[in-house]
Each structure stands twice: as structure tokens, then as C-alpha cells.
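Enquirer: This is the structure I want to talk about, given as C-alpha cells.
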Amino acid sequence: MKTEKKTGPLYYRIKEDIKSKIQNGELKAGAVLPTENRLCEEYGASRVTIRRAVNELIGESVLDRGFGKTATVKCENVPRSLNRLGGLHEELEKAGIKCSSFILNSAVMDAPAEIAGHMGLGRNEKVLKIERLRYANGQPLCYQVLYLKYELCEKLDVKGLASASLYEVLERDFDVKIDTATQTISAVMATYRIAALLELPEQTCMLQVNRTAYTDTGACIEYSESAYVSNRYTLTMTLKR
């Protein structure tokens, strides 16, 4: 181990060394810490010592502990208010966080029966399906599949959504006024594919957010299913009685 000499108990020196690696970029936000065995070998320490160092870093909010056995470097927490109907891009930009997307694929198709049921569409009505990854300041945040009523946005530039707000584009370019939405939120475990796409450890806990959005004329414009990395995402709302 090549580090500058520090004083104090071994667990403390290990803790400070891990902090230094995070500060100098050797361990980046979201990175998975080496296993206990690897850390024991690297620092010449016992499991008890390693666990104390890691647990103190978790207590100091430097590391996060997921459902796996290894800890991860804490990511910047992304705030989201539930008091206003808006898209992720709009909300993050208002908070000073850069939002970007990577489009995995898109296709125009007849609405699958389940999707048609969610959106109240008739037989053979077309939808535009978009599958994408969402990022906050370059950190993976969300996997999303969304369906749009095709007749309301036939010439949508899907590639342009990599750096633009879907809701703003719909309102500006298609005169679609999004008025209301119903939304359900539940806790799920990431599938192997989603964990791989978002560069997450297996068995990462996610927040599943399903939304159905309607225009001011009552037409359903969107049905989406979004899986957010739960420890990078904070929801707030104002309640009145």
C-alpha cells in the first residue's frame, strides 16, 4: 500500500485512505468498494478492522450500503418534488443539475394490449415506444420505457431527447398541453439487465415510478415505467389537511 504516513489506529488510517482515494478521483461516485477480502489483503488488516472503517464511512455519509455485501461511494442525491407535474429534465435543470439521456431504441408500433389498456387506446392505435437511460450530472439515475400516442407527435425527433425535455418539446413543437397525470411508486429490485445498463451492483433497490399523463383535452399522451436508483433519488411533497 503506497500512501502517505498517517497517525492513529489502523481502522482510522484505512478510513482516511479510502477518503483520499475518493477525493482524488481514484474511487468515483457510485463505484463499488473492493470486497472485504481484497481490503484485508491491501491494508494488512483483519475483517473487524475493515468493517469498522467501512461502517464509520457509511455513518459519515461517505459510503452507501446497499443490499449486497459491498459498499459503494455515495452519489450526489437528486431531489424531486411531487407537487408539480413536470418531466425529469425540467425538474433537474431547475435544481442546477445537468440531465441527459441515452436513447437505447425507439419504434412505432401497434399498442400492445396492456399498454392500450393503460392509455385507453382503441384497437390498432399506434404508439411511439422509447427506451432510454437517464443521467444526472453524468451519473446513471434511471432506466425508462415510455409510450406516446403516435398521432399526437408523429414527427418527434427522438434523437433530440438526449439533451431536451420531452414535455417542453411536446408543448412547443406539437401544441400538446400536458395537464394531469396519475402516478404510482413502488420498491423493486433491479433486474440483471437494468443493473448492467445503469452500472449498478446486482440486487440494487430501485424506485419504480409508473405514470399515465393526459392532455388538457383529456387524451392520454404518455404511459411510462421508470426505474430510479433509490439511493440517488429523493422525493418530497407538500401535504395539507
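The values are calculated or read from the model by the stated rules, or taken from the named source; none is laboratory data. Please read these numbers as outputs of a predicted model, since none were measured by experiment. For neighbour counting, all protein chains shown are included, and Cβ atoms are generated from backbone atoms with ideal geometry for every residue, glycine included. What goes into the accessible areas is simple: the full protein's heavy atoms, side chains included, and nothing from ligands, DNA or RNA. Shrake-Rupley method; radii C 1.70, N 1.55, O 1.52, S 1.80 Å.
Enquirer: If Phe102, Phe174 are ordered by their accessible area, calculated over protein heavy atoms with a 1.4 Å probe, which sequence runs from highest to lowest?
Expert: In descending accessible area the options line up as Phe102, Phe174.
Enquirer: What's the carbon and sulfur percent of segment 68-134's accessible surface, probe 1.4 angstrom, rounded to a whole number?
Expert: 50 percent
Enquirer: Once you sort the root eigenvalues of the Cα gyration tensor of segment 7-48 as a ≥ b ≥ c, which label holds: rounded (a/c under 1.5), prolate (a/b larger than b/c) or oblate (the other case)?
Expert: Note, shape of segment 7-48 comes out oblate.
Enquirer: Let me ask something else about it. Ignoring everything but the protein chains, give the 1.4 Å probe accessible area of Tyr233 in square angstrom, nearest 10.
Expert: 20 Å²
Enquirer: Related question: In nm, to one decimal, how far is the modelled label at Ser163 from the one at Asp17, with both set 7 Å along Cα→Cβ?
Expert: For the pair Ser163/Asp17, the computed spacing is 4.3 nm.
Enquirer: Using 0.36 nm per residue, how much length does the chain from Glu199 to Ala113 gain when fully extended, once their Cα-Cα distance is taken away?
Expert: Length difference between fully extended and current span is 27.8 nm.
Enquirer: Right, another one. Output the relative contact order of the chain, whole-number percent, from Cα pairs under 8 angstrom with separation of 6+ residues.
Expert: For the chain, the relative contact order is 19 percent.
Enquirer: By its C-alpha gyration tensor, with a ≥ b ≥ c as the square roots of the eigenvalues, how is segment 114-166 shaped: rounded for a/c under 1.5, else prolate for a/b larger than b/c, else oblate?
Expert: Taking the square roots of the gyration eigenvalues as a ≥ b ≥ c, segment 114-166 is oblate.
Enquirer: Using the heavy atoms of the protein chains and a 1.4 angstrom probe, tell me the accessible area per residue for segment 15-157 in square angstrom.
Expert: Here the per-residue accessible area is 52 Å².
Enquirer: Rounded if a/c is under 1.5, else prolate if a/b is larger than b/c, else oblate: which is segment 161-220, with a ≥ b ≥ c the root eigenvalues of its Cα gyration tensor?
Expert: It is oblate, given that a/c is not under 1.5 and a/b is not larger than b/c.
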